[in-house]
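Down below is the structure, laid out as structure tokens.
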Amino acid sequence: MRRREFIAVLGGAVVAWPLAARAQQSAKLPTIGFMGSGTATTQRQWTAAFVRRLGELGWVEGRTIAIEYRWAEGRSERFAEIAAEFARLKVDVILTHNTPPVLAAKQATSTIPIVFATAGDPIGTGVVTSLARPGGNVTGLSSQQPDTASKRLELLREIIPSLHQLAILADAGNPYTALDVGEIKRAASTLGLEVSTFDIRQAKDIGPAFEALKIRAQAVYVPREITWRDNSSHAARPRRRGDIDEHS
């Protein structure tokens, strides 16, 4: 299931959990704090799916519900700022996706419900204590899959039989990415691959990383949760200039 479908499905979870009860306590419209890791443009399909699903459930933006949109624009340091702002605004629920923004929201508030559209290994990264009983004020959908690392590299080896140099684009600030990258490195060692790792902390790091790895790798592995997925224009430019294969 794709992330925009996750968000559409979670439209029901968001309104069913906190909004109906909390709306009775205030004359203002119940408010969703929507924290996106990219920009309004790059994530417009997901927000459109979310708003459409809310409408199907009888929640119309501007009439029966309010949505405060905030965009990190590929800058991980923005997550804490946005989460703190939502806590000050006392929104009724926070909706976001991926591990770093969820952790930022959890750090900012222990009372406002937090719903995540997807997060990798929520137990291992400290998002929740249990999948069956998340506890606290956080719930959502897991996209846990680091244990499939060896299978993904084996598939990549089938595509490129001569593969011996692999580059990994990593986000050092993302706990789930660290788990994913660790699994990939162990799998690569088993297959006898030489690995180079490049840390991507901001969208502007993508271009220089691609320039460097073009001479050091035959293929690049991209974890699912990483800055460039919400900054596709930055990723596309270096991709057109080289002939390196991408796999995730």
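Residue check: is PHE86 at pLDDT below 95, assigned by TED's automatic domain parsing to the domain that holds ASP121 and closer than 17 Å to ILE114 by Cα?
On the way: at pLDDT below 95: no; assigned by TED's automatic domain parsing to the domain that holds ASP121: yes; closer than 17 Å to ILE114 by Cα: yes.
No.
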Do you know which residues across region 41-97 are of a type in the set (D, E, K, R) and closer than 16 Å to PRO30 by Cα?
-> GLU61, ARG63, GLU68, ARG88, LYS90, ASP92
Filter result (in contact with a Pro (Cβ under 8 Å, 6 or more places away or on another chain) and either among the β-branched types (Val, Ile, Thr) or without any contact (Cβ under 8 Å) to a residue 40 or more places away in the chain (or both)) within region 73-99 | ILE82, VAL93, ILE94, THR99
Is it true that some residue in region 184-203 is in a helix (DSSP H, G or I) and under 17 Å from PRO100 (Cβ atoms)?
-> yes
Looking at region 171-183, which of its residues are touching a residue at least 12 places away in the same chain (Cβ under 8 Å), within 14 Å of the chain's Cα centre (by Cα) and not in a loop (DSSP other than H, G, I, E, B)?
-> PRO175, TYR176, THR177, ASP180
For residues in region 66-75 being modelled with pLDDT of 95 or more and of a type in the set (A, V, I, L, M, F, W, C), which is nearest to ILE206 (Cα to Cα)?
-> TRP71
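Go through region 131-165 and report how many residues are among the polar types (S, T, N, Q), modelled with pLDDT of 80 or more and over 30 Å from GLN218 (Cβ atoms). Break it down stepwise before answering.
So in region 131-165, the residues among the polar types (S, T, N, Q) come out as 137, 139, 142-145, 148, 150, 162, 165.
Now narrow it down to the ones that are modelled with pLDDT of 80 or more: 137, 139, 162, 165.
Those still in the list that are over 30 Å from GLN218 (Cβ atoms) too: 137, 139.
Counting residues in region 131-165 that are among the polar types (S, T, N, Q), modelled with pLDDT of 80 or more and over 30 Å from GLN218 (Cβ atoms) gives 2.
The values are calculated or read from the model by the stated rules, or taken from the named source; none is laboratory data. Just so it is clear, the structure is predicted and the values come from calculations on it, not from any experiment. Virtual Cβ from ideal backbone geometry, glycine too; neighbours counted across all protein chains shown.
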